[in-house]
Structure formats: structure tokens, C-alpha cells
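Below you'll find the structure, written out as C-alpha cells, and then a few comments.
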Amino acid sequence: MSAVGKLRDTWELTGGRVLAWSLLGRLPAAMCPIGTLLLVGQNSHSVWQGAAVAGALALGQAGGGPLVGRLADRRGQRPVGLVAAAVNALAILALVAASQSGAPLGWQLVPAVLVGLSVPLVGPLSRSRWLWLARGRPLEQRASALWLDGLVDEISFTSGPAVVGVLATLAGPGAGMLLAAALVGVCGTLFALHPSAPPGSDAGGRTPVRVGPLMSLPYGLLLAGMALLGLVFGSLQVGITATTTQLGHPGAAGLLYALVGLTSSCAGVAMAALPARWDLPGRLRAGTGLLFAASVLAPLVGGSLGGLAVAAGCLGLAVAPQMITMFGLVERTVPGGRLGEAMAGLVSSITLAQAAGTAASGWLVDGYGPHAPFALTCGAAATALLLAVCTATGERYRRPSHSPAVDRVAA
């Protein structure tokens, strides 16, 4: 089925408005980590303080994500989403106010943690929402919804940092965070209020999905794969920022982030043309191989803006196949009643690892120069490739009996 056909299927399932709220509502989760780093770092004139506050936000998000996902699975997406969106918007505004006023570091750490804890998880919850809406529908419609949502999630994850970088260049370090607060307050609320929100397993009536243990070896391997992808993102962002600064074009970093998002989006759309016989584990192995091959380009050709643009564009082409495929494999590894929590766990894994990659790359830049973070990019991609080759098999990710087939999730 073509990309247009998949979009038509998903439009019929969800409607256009909720797709728009889903896209815009999940952007703040991708904007806030780098937005916090830029905001606090520039206001305090201390890279260390910016990294500390951004790290506190990442820790809060890593811990709060699965909790919000579990509450939404049990209590329903509407009440949990409404509370989380309101708290998150207010916490972002409090962080901006604390940073702009020059408050002590401790008073900036508190709202940063709260920002992370209260992320409304529009991305993970939308995916579990589409699966709930598609229950009893043909496999093709279910697969179309998963493909489109994976593409939207990947677009938001790669374009969020680009938006923040461009706004910081044009309007100051706080502009991106203020936009994030507005988006989560308005679009996160509209997403939660939409009639498509599932009620949750404890909301009364017959539960449409089974609840059971979350952790398993295949799911743990997906968490590890997402963490390695987070290391790639974190090290790539710092490497791009440090290199463009050395070359005398610091504003080009935001444009290069945007290039990563653009090529990644194109790759996600192109996945609609892949044959259905190419199963998800095979796609994971191929996508990880492409990620490693692209990561090697960064240290080889990243000595100029042109070379850096080539490396960034090629890495973007590898991102969408990775993220869409790993999110598609989640349904095979966890009970249906815990999909929201499971997908939130993947987001927490990539977020925490990205923060760790950013921190480690900052140390590498100080000690070894602006190109040093690309060594971490290559190492993380190589480890991800080894993990995928050794573990991503059809036997390990065999479809469980409680979950319908999703072989064509990205076909």
C-alpha cells in the first residue's frame, strides 16, 4: 500500500484534527531538552549549569514517562493527559522565569525535574490510542495507523531540536521554551479531550486488552536499542554544535538539525514502498546497518559545512527506519493493556541516553576537540548494529497470541 493509501486509512480511523494535535502536542518533549541546555547555558554563561539543568529534566522524564503511561493505561488518557499538559506547561514557564531572573541553580533544577515528570506523552499514548481504535478493523488499517504514527513521532523527535536551534538564533534562548509551553498547553489539552481517547482498564466496562507483565527479554533488547540510538542523537547534536562553532558558523547548527529531520522524514515516507515480506526484525538489522554506515561519515567528511551537511543528511536517512521499526516491534513484546507504558519506556530510554550522550560529548569536546563526539556516535551505532545482528530474529520477535499481526506495520 502506498503512503497516500496509508494516510487515507488512518484519516478514516482517527480524523484530521486529532492527528494535528498529536503532531504538535508531542513536539515540546523533543524541544525541551536542548531548549533547556541553550536557555540555562546562555543565561548563566555556564555550559556546566545548562547541562546540569537539562540532565535533571531528562532524569525526570525518564522516571515520569512510564508512570504517566501506566496511569493513562489504567485511568484513561483524558484525565491523565489533561493534568499532565497543564502541569507541564506551567513547569516550563516556571523554568524560563527562574533562568531569566538568574535564580540559583537549585531553583532551576526543581522546575526542570517537574517538566520531565509531567510530560503528557502525546506520542506514546497516540500509538496505543490508534491500536485501541483499530481493534476489530482489518490488519491493513491497523498497520497504516502504526506506520503513520511512527513517522509523526520520528518527525517530532528530529525536528524539535531544529526548531529550538533556529528560534534561539532568531529570537533568543527562551523563545523555544515559550513555544513549547504554548504547544503542550493547547495541543496537549486538545489531544486529551478528543473523543478518541480510550477510557483505561480501570474505568469500568469490559477491558478491550489484556494486562500482564511488562518486562521480557525482547522488550529489554528494544530498550537497549533505543538507548543506543539516544547516544547517537546526543553525541551528534554536540558534535554538530561544536564543529559549526569552530568553523565560525554557530547558527548553522539549527539548519543542520533541520536537515536531519528532513531526510529522516523522507526515509519514513519511503518505507511505505517496502515489500510486506520483509519482516520487522529484518528491517531492524538493515536499518541499524545503515545507521552505522552513515555514522562513519561524520568523522571522515565533517571538517567543513558541506561535509557536515552530507553526514547529517545521511544519518537522518537511517533514523526513521530505526525508530518506526522498534516502535512497531513493541506490540509483539508486551501485553496489549500495557502498550502506553511500554512505549513510554522506549521514549524514556532514548531520552535518558540522549542526555548521557550530550554530557559525555561535552566532556569529549573539552578534552579532545570538536570532532571527538563523532567517535561516540560511531561507537554507539556499531554497538547497536552488533546487538541487532545477534538478537533481532523472527523467533525472538514472534507475534504473541494476544496481539494481532503487524508484519506490515511499515510496509
Please give the length that would be gained between residue 249 and residue 386 if that part of the chain were fully extended, namely 0.36 nm times their separation in residues minus their C-alpha to C-alpha distance (nm, one decimal). 45.7 nm
Put +1 on the Cβ of every Lys and Arg and -1 on every Asp and Glu Cβ in the chain; which of 126, 104, 300 then has its Cα farthest towards the positive end of the dipole? 126
How big is the charge dipole of the chain about its Cα centre, in debye rounded to the nearest 20, if each Lys and Arg gets +1 on its Cβ and each Asp and Glu gets -1 on its Cβ? 1080
Could you point to the residue in 161, 25, 333 farthest towards the positive end of the chain's charge dipole, with +1 and -1 charges on the Cβ of Lys/Arg and Asp/Glu respectively? 333
In Hz, Karplus ³J(HN,Hα) per residue of region 308-322 (6.51, -1.76, 1.60; θ = phi - 60°; x = Gly, Pro): 5, 5, 4, 5, 5, x, 5, 5, x, 4, 8, 6, 4, x, 5
Towards the positive end of the charge dipole of region 3-391, with charges on Cβ (+1 Lys, Arg; -1 Asp, Glu), say which of 350, 273, 320 has the farthest Cα. 273
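Report, in deg cm²/dmol and to the nearest 500, the calculated mean residue ellipticity at 222 nm for the chain, where each DSSP H run with n ≥ 4 adds -39500 (n - 2.57) and the sum is divided by the residue count. Show your work: numbers first, answer last.
Working: 14 runs with 320 residues, N = 411.
For the chain, the value works out to -27500 deg cm²/dmol.
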For the residues 191, 157, what sequence is obtained by ranking on other C-beta atoms within 10 Å, fewest first? 157, 191
Checking 368, 219, 257 against a Gaussian network model of the chain (alpha-carbon springs below 10 Å), the top fluctuating residue turns out to be 368
FRET efficiency estimate (nearest 0.05) - Cβ-Cβ, residue 17 to residue 110, R0 41 angstrom: 0.70
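Coordinate-derived values only; no laboratory data. The structure displayed is predicted, hence computed values, not measured ones. No Cβ is skipped: glycine too gets one built from the backbone with ideal geometry, and neighbour counts run over all protein chains shown.
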